[in-house]
Amino acid sequence: MKSPTIPASRLEELIRGSAAARVLVIGDVMLDQYIWGHVGRISPEAPVPVVEFDRESWMPGGAANVARNIHALGANTELLGLIGKDEAAQRLRALLADQGIGCAGLLSGPKRTTSVKTRIIAHQQQVVRVDRETRGEVDERSQRQLLAALEKRLPGAAAVVICDYGKGVVTQALVDAIRQLCRARGVWLSFDPKPVHALSLTGLSLLTPNRKEAFELAGVPDGSRNVDPLKDPGLQRVAETLLTELSPALLLITLGDQGMLLCQRGQKPFHIPTVAREVFDVSGAGDTVIASFTLAVAAGASPVEAAIFSNHAAGVVVGKVGTATVSPEELTEIFRREG
């Protein structure tokens, strides 16, 4: 099944509108480290591959990767979150500054460690990942400081994206306060939920769970997957449950190689097949989806246009290794190729 598209003239309008938008991103900020190498032998100490080091690279991760994806599409982006007073924090700030992402809202504290995910990659395949992080909930003082920083930057913002990766920055009190601030100012609010972190998420503008997260949020087991998501009764029931219980304006369920399902109350779900030709790495694909969908809405896209826009953006990044972004030129090219 061919994926629906957006006419070239309309795509140009949305890309121009994206460049004029300003989006705030708040949540769990991370630093992604990549150690690149190659495998030529098995260790004599244990049945594991020996990765011979070639090089290493660093990228903003977590909420910082969402901000990076928004900025890559031309928007003005500001990042808010908590980091440590450590070398990783200094490296992250420098990376963000180099990429033109506002990070004055990044607050540091001695009781937190900057989250670092180290991925060891050999022959374009991830071998293992090592996580160094703080998971405890933030203290009330830090939470008040974050909210004050957000409220200061909210005037003129088109949207806010909350990024919860279960590291402790996103609490119920924080979500409730941000929702109240956004409602009072008519600001779009997107959230990518993590069911492992139980929160009340009613009344948000956009929720973007993947299939596994959607079933967990609905509290039901996932049965067999139907090839056609529109003929999958379990998926349809889960979507209806989430729309009824959480009342988001829009629910976008990402389905991996099956694309995504856009759901709205009172309307039939809209399925968008994937446009990805080759999948090298899905890490960060969810960040690209919520970033590009939110930005498309900020640029004036309809829900269906935003879903198509974000589906094509995700189709670009999964063809790259590591947490990646998509440029306006790459997005235009994949639409041209699929058109």
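The values are calculated or read from the model by the stated rules, or taken from the named source; none is laboratory data. Predicted model only: the values in this text are computed from it and were never measured. For neighbour counting, all protein chains shown are included, and Cβ atoms are generated from backbone atoms with ideal geometry for every residue, glycine included.
Quick notes on this one:
- Taken over segment 3-37, the criterion of being within 21 Å of D131 (Cβ to Cβ) and over 20 Å from the mean Cα position of the chain (by Cα) is satisfied by I35, W36, G37.
- Inspection of segment 231-242 identifies no residue that is in a loop (DSSP other than H, G, I, E, B) and surrounded by fewer than 15 Cβ atoms within 10 Å (Cβ to Cβ).
- When the criteria are applied in full, G102 meets the requirement of being under 20 Å from the mean Cα position of the chain (by Cα) and of a type in the set (G, A, S).
- When residues of segment 243-265 are limited to those that are closer than 15 Å to L201 by Cα and not in a helix (DSSP H, G or I), the one farthest from the chain's Cα centre (by Cα): S247
- Residues (aromatic (F, W, Y) and in contact with a Pro (Cβ under 9 Å, 6 or more places away or on another chain)) located in segment 146-205: F191
- Residue within segment 267-286 that is crowded, with 23+ Cβ neighbours inside 10 Å, polar (S, T, N, Q) and either in a helix (DSSP H, G or I) or at pLDDT below 80 (or both) present: no
- Of all residues in segment 244-270, those that are touching a residue at least 60 places away in the same chain (Cβ under 8 Å) have Cβ atoms under 6 Å from Cβ atoms of residues that are assigned to a loop (DSSP other than H, G, I, E, B), 6 or more apart or on another chain, in G259/P273; G259/T274.
- Restricting segment 38-65 to residues that are exposed (fewer than 11 other Cβ atoms within 10 Å of the Cβ), farther than 25 Å from T114 by Cα and not acidic (D, E), the residue that is farthest from the chain's Cα centre (by Cα) is P44.
- Condition check for I83: touching a residue at least 12 places away in the same chain (Cβ under 8 Å), out of contact with any helix residue (DSSP H, G or I) (no Cβ under 6 Å at 6 or more places or on another chain) and β-branched (V, I, T): no
- Strands (runs of 3 or more DSSP E) within segment 90-195 that include 2 or more residues closer than 30 Å to H38 by Cβ: 115-122, 125-132
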